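K.L.:
Pasting a structure here, questions to come.
The values are calculated or read from the model by the stated rules, or taken from the named source; none is laboratory data. Every value quoted in this text rests on a predicted model; they were computed, and no experiment measured them. Here the Cβ positions follow ideal geometry from the backbone for every residue, glycine too, while neighbour counts run over all protein chains shown. Please note that ligands, DNA and RNA were not included when accessible areas were found on the heavy atoms of the full protein model with its side chains. Shrake-Rupley method; radii C 1.70, N 1.55, O 1.52, S 1.80 Å.
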Amino acid sequence: MAATASHSFQASSRIASTHPQLKSSSDSQISNSISFSSQLRSFSIKSSSTRQLQSYRISAALRTESSSGTVEVDITLSPRVNSVKPSKTVAITDQATALAQAGVPVIRLAAGEPDFDTPAIIAEAGISAIREGYTRYTPNAGTLELRSAICHKLKEENGISYTPDQILVSNGAKQSILQAVLAVCSPGDEVLIPAPYWVSYPEMARLADANPVILKTHISEDFLIDPKLLESKLSEKSRLLILCSPSNPTGSVYPRKLLEEIAQIVARHPRLLVLSDEIYEHIIYAPATHTSFASLPGMWDRTLTVNGFSKAFAMTGWRLGYLAGPKHFVAACGKIQSQSTSGASSISQKAGVAALGMGYAGGEAVSVMVKAFRERRDFLVKSFGEMEGVKISEPQGAFYLFLDFSSYFGAEIDGFGAINGSESLCRYFLDKAQVALVPGDAFGEDSCIRISYAASLSTLQEAVERIKKALISVRPAVPV
């Protein structure tokens, strides 16, 4: 099987000519997968996703001069790496940051991180750890202190019981997920992923030589999976179902009744495991409530629960996450970690203990953040609800709005060209409104774009005004 994909996301010459200082932007500002022209007239994400694991290789040679003559260096890359697409969210965030640093007044609503500072009690715990010399390696699985605190949290808040040897602390929930996929999937296995999905899930499956099977959901159903569709896609190759609730990118929250229906299906398939990504569990808006999949009858043995500190506790830079599950699977993940990164930062782990000591669901500090997120959500839902041709599924959690702008696809804009999908629409908003958003095709749903409302209300108000002005000259191409 071979598949290729090429994505471009170009900043227009108008921005470059308006801000000539961008000519000096260095490549060090952005990742290897991103290239700026000398005037930042083009910005591109280039990805060749090729899957021929039998005997396919990409051959290339780099000629270098040496005292002994011309030497050819084989710069072949692994087919596994060539099968993986770069993260578009990271690329767009990097681009917006580079533009802002160069003086372009870009409003950045692409990043998936809270705009709040880490609560003071957590920061002080990290500072104290440094001052007290707590700066050495910890056990690979994490300190007993932190793993015990995680066990207490999972019991009290999620209704699931674990012992410290069933917990693996890692450098962020992202590492926890990747290690889980690598540990349980064999070549040719299938990983079932509801779409829209977090950009990294399919690529992690490919890194494990597994095949992502995408389960499409619909905005009219709040982007929640249809159990009948799930059952129709299961086979003897099905190994892992990934659920994310509250969801990135949609903000959807799976109600307990729907999870119970899914659990009944899972129970009928002995090979099928569930990875429950619960990183946004505390950023949830009543009356919605969070249910941990492992707490459902018969699902503890089947479930790998992933969580962390980045979102609820505004600790993205601390890089701290964890996996909870049956010891057999957790130990396998620990084996991978021991041969790659080893344990998480000792300083971050002390801070993590302080975070879990702040009270149920993070206490008042987290409650204040969630209240602010809800206010922002309500503002955006109202504002975009008043715009012609925009469809909305009101998010019940996380801090993203996933808007359907497909009625504008096919529109022609003077001086810009055609809006033929989410990527060109986001490029238009960056060019015309100087607002950085993420195209939905990165999440497996091209009809939508993702807006992160992890920004101040005043910033969001300005972004909405800019988007409205940008749309004045654009009429929906599809009747609404």
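K.L.:
Taking into account only those residues within the range 113-153 that are of a type in the set (S, T, N, Q) and open to solvent by less than 70 Å² (accessible area, probe 1.4 Å), which is farthest from the chain's Cα centre (by Cα)?
P.N.:
The residue in question is Ser128.
K.L.:
Please verify whether Val474 is among the hydrophobic types (A, V, I, L, M, F, W, C) and in a loop (DSSP other than H, G, I, E, B), treating the condition exactly as stated.
P.N.:
yes
K.L.:
Then there is this: For the range 416-425, how many residues meet the condition of being open to solvent by 10 Å² or more (accessible area, probe 1.4 Å) and touching a residue at least 12 places away in the same chain (Cβ under 8 Å)?
P.N.:
The qualifying residues number 2.
K.L.:
Okay, moving on. Restricted to the range 72-91, and to residues that are open to solvent by less than 30 Å² (accessible area, probe 1.4 Å) and either over 23 Å from Pro249 (Cβ atoms) or among the charged types (D, E, K, R) (or both), which residue is modelled with the lowest pLDDT?
P.N.:
Lys88
K.L.:
Could you check the range 361-392 and list, in sequence order, the residues that are of a type in the set (D, E, K, R) and open to solvent by 30 Å² or more (accessible area, probe 1.4 Å)?
P.N.:
Answer for the range 361-392, where residues must be of a type in the set (D, E, K, R) and open to solvent by 30 Å² or more (accessible area, probe 1.4 Å): Glu364, Lys371, Arg374, Glu375, Asp378, Lys382, Glu386, Glu388, Lys391.
K.L.:
Among the residues of the range 393-409, which ones are open to solvent by less than 50 Å² (accessible area, probe 1.4 Å) and either assigned to a loop (DSSP other than H, G, I, E, B) or free of Cβ contacts under 8 Å to residues at least 24 places away in the same chain (or both)?
P.N.:
Ser393, Pro395, Ala398, Phe399, Phe405, Phe409
K.L.:
Among residues belonging to the range 205-232 that are open to solvent by less than 10 Å² (accessible area, probe 1.4 Å) and assigned to a helix (DSSP H, G or I), point out the one that is nearest to Leu304 (Cα to Cα).
P.N.:
Ala205
K.L.:
Any idea which residue in the range 154-170 is farthest from the chain's Cα centre (by Cα), counting only those that are surrounded by 20 or more Cβ atoms within 10 Å (Cβ to Cβ) and closer than 15 Å to Val330 by Cα?
P.N.:
So the residue we want is Tyr162.
K.L.:
Could you check the range 432-449 and list, in sequence order, the residues that are over 19 Å from Ile214 (Cα atoms) and either in contact with a strand residue (DSSP E or B) (Cβ under 6 Å, 6 or more places away or on another chain) or hydrophobic (A, V, I, L, M, F, W, C) (or both)?
P.N.:
Ala433, Val435, Ala436, Leu437, Val438
K.L.:
Name, by its number, the condition in (1) small (Gly, Ala, Ser); (2) under 28 Å from Lys327 (Cα atoms); (3) open to solvent by 20 Å² or more (accessible area, probe 1.4 Å) that does not hold for Ser176.
P.N.:
The number of the failed condition is (3).
K.L.:
A follow-up question, please. For the list (1) in contact with an Asp or Glu (Cβ under 6 Å, 6 or more places away or on another chain); (2) under 29 Å from Lys153 (Cβ atoms); (3) hydroxyl-bearing (Ser, Thr, Tyr), I need the number of the one condition that Ser393 fails.
P.N.:
(2)
K.L.:
Pairs, please: C-beta under 8 Å, at least 6 apart or cross-chain, first residue farther than 16 Å from Glu462 by Cβ and open to solvent by 30 Å² or more (accessible area, probe 1.4 Å) and in the range 92-112, second modelled with pLDDT of 90 or more and outside any loop (DSSP other than H, G, I, E, B)?
P.N.:
Hits for this filter: Thr93/Arg108; Thr93/Ala436; Thr97/Arg108; Ala111/Ser452.
K.L.:
Cβ-Cβ below 6 Å, separation at least six or inter-chain, first residue in the range 428-441 and open to solvent by 10 Å² or more (accessible area, probe 1.4 Å), second among the small types (Gly, Ala, Ser): which pairs?
P.N.:
That search, which allows pairs on different chains as well, returns Asp431/Ser12; Lys432/Ala470; Asp441/Ser422.
K.L.:
Could you please find all residues in the range 295-308 being among the small types (Gly, Ala, Ser) and within 22 Å of the chain's Cα centre (by Cα)? Quick ask: steps written out before the conclusion?
P.N.:
At the first step, the residues of the range 295-308 found to be among the small types (Gly, Ala, Ser) are 295, 298, 308.
The answer is Gly308, and nothing else.
K.L.:
All but one of (1) buried (at least 23 other Cβ atoms within 10 Å of the Cβ); (2) assigned to a helix (DSSP H, G or I) hold for Arg450; state the number of the condition that does not hold.
P.N.:
The single condition Arg450 does not satisfy is (2).
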